[in-house]
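The values are calculated or read from the model by the stated rules, or taken from the named source; none is laboratory data. All values derive from a computational prediction rather than experimental measurement. No Cβ is skipped: glycine too gets one built from the backbone with ideal geometry, and neighbour counts run over all protein chains shown. For the accessible areas, the whole protein counts, side chains as well, though only heavy atoms, and no ligand, DNA or RNA atoms are used. Shrake-Rupley method; radii C 1.70, N 1.55, O 1.52, S 1.80 Å.
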Amino acid sequence: MNQSVHQLLQLILQGFAWVLRTIEALWVWSWSQIAHAFSMSWGNLPAWKIAVGLLFIVVLAVLLVALFRRCVAGFGRIAAAFWTMTMTVFAVVTFVVMAGLFSRGFQWVVASVPDKFWEKFL
């Protein structure tokens, strides 16, 4: 059982690391494209290309505001889910620790208490 849980946690960590590496690669690529677009010489472009560029910037700004609003709401839900997950894990760990304490107590009783201790009370 312990080995299975360990393997499951390792698999989850590997998947999480892959997701983060993918996000990092996309982030780096996107910022390089953005930097390249703003490092171009905009002064030498025809008016219609500047208009298209400004239109894209406005569209991106609108999308960014909408995304920001959704992200704030989403992060609230993520925080609530994370708190629920944390409390669930804490409850499971507490249960396992209590089971360990009961097991240790039972071992102590078996090792320390005489087999016929109640005869003293009769």
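Annotation for segment 1-54 versus segment 63-122: alpha-carbon center distance of 37 Å. Stretched out straight at 0.36 nm per residue, the stretch from Leu8 to Leu45 would grow longer than its current Cα-Cα span by 7.8 nm. Its DSSP H runs of at least 4 residues, each contributing -39,500 (n - 2.57), put the calculated 222 nm mean residue ellipticity of the chain at -32000 deg cm²/dmol, to the nearest 500. With protein chains left intact and a 1.4 Å probe, residues in segment 7-122 average 92 Å² of accessible area per residue. Label-to-label distance, Ala25 versus Val72, with points set 7 angstrom from Cα along the beta-carbon direction: 3.4 nm.
Roll a 1.4 angstrom probe over the protein heavy atoms and tell me the percent of accessible area of the chain that is carbon or sulfur. Before the final figure, lay out the partial values.
Values: 8760 of 11380 Å².
The nonpolar share, carbon plus sulfur, comes to 77 percent.
Recomputing percent of Cα pairs over 19 Å apart from the coordinates shown identifies the correct label among [x] 44; [y] 52; [z] 77 as [z]. Once the Cβ-Cβ distance of Glu119 and Ala99 is raised to the sixth power relative to R0 = 22 Å, the FRET efficiency obtained is 0.10. Placing unit charges on the Cβ atoms of the charged side chains and taking the dipole of the chain about its Cα centre, the candidate lying farthest along the positive direction among Gly43, Trp18, Trp108 is Gly43.
Tell me the angle of helix 2-39 to the major Cα principal axis of the chain, expressed in degrees between 0 and 90 and rounded to the nearest ten. Its long axis makes an angle of about 10 degrees.
Any idea what angle helix 47-112 forms with the longest principal axis of the chain, computed on alpha-carbon atoms, 0 to 90 degrees, nearest 10? Taking Cα atoms only, the helix is inclined about 10 degrees.
By how many nm would the segment from Ala91 to Gln107 lengthen if fully extended, with 0.36 nm per residue of separation less the alpha-carbon distance?
Here the segment from Ala91 to Gln107 would lengthen by 3.4 nm.
For Lys116, the accessible surface of its heavy atoms amounts to roughly 130 Å² (probe 1.4 Å, protein chains only, rounded to the nearest 10).
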